[in-house]
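None of the figures in this text is laboratory data; all of them are computed from the coordinates on show. Remember, predicted model here, so these are calculated numbers, not experimental data. As a convention, Cβ positions derive from the backbone with ideal geometry for all residues, glycine included, and neighbour counts pool all protein chains shown.
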Amino acid sequence: MSSIIKANDLRKGKIVDYNGEVCEVMNWEFHRKGRGGSTIKMVFKGVDSGNQKIVDCSVDEKFNTVDVSEKIIQYMYDDGDGIYDMESCYYPYSKLDKELIPLLNSEIELRIIYINDEIKTICLPKKAKVKIVDTEPSLKSQTAKVSYKPATLENGWVVQVPPFVESDEYIIINTEEMIYDSRASE
């Protein structure tokens, strides 16, 4: 349920409706004038567009807030069309579009941010443990210099791994860059 908030009560990080666009307050400054009313200078960033706007307004100007909610979910299974997940606290499950989430296995928890009951952001953990399904065998001559070889993960992604990593091993992936981070401890 959205509510009305005065400009004087807005702070950095708050999400509001500004001229029909959902925007996040990136910066907020109070300016006191010698004569006349005080003003507030804000920098808004559009959630969908990413465009930034600088807005000067009076302290009493009103904005509509936007409903923002967050859920932590656990991956359950993939039926080919979509991915089924389960909320960590309540145990109801739902279906997400498979294309939204690039890296999944049963050990990954996702943080989903909803704005007005619509998925806006899906946040993967910074690191994820995944299994290598297929990779080339290592050669002893490759240890003289730093080299990498392609490895296919259980979800079909291909990443570059060091030569000592073998098939059927678990590795840690940096999910921000989708690169090899380290071997997983068993």
For Ile4 and Ile54, calculate 0.36 nm times their separation in residues minus their Cα-Cα distance, and state this gained length in nm to one decimal. 16.0 nm
Determine the gain in length on full extension of the stretch Tyr170-Asn116; use 0.36 nm per residue of separation and subtract their C-alpha separation, reporting nm with one decimal. 15.6 nm
Once you order the gyration tensor axes a ≥ b ≥ c over the Cα atoms, which shape class does segment 4-65 get: rounded for a/c under 1.5, otherwise prolate or oblate by comparing a/b with b/c? prolate
What's the local net charge at Thr135, with K and R +1, D and E -1, over the other residues with C-beta under 15 Å away? -3
Do any of Lys45/Lys71; Lys62/Lys127; Lys12/Lys126; Lys12/Lys131; Lys12/Lys33; Lys41/Lys127 go past 30 Å between their Cα atoms, and which? Lys62/Lys127; Lys12/Lys131; Lys41/Lys127
With a point put 7 Å past each Cα toward its Cβ, work out how far Glu29 is from Lys127 in nm, to one decimal. 4.0 nm
Separation in nanometres of the label points that stand 7 Å from Cα toward Cβ, at Asp134 and Glu61: 5.9 nm
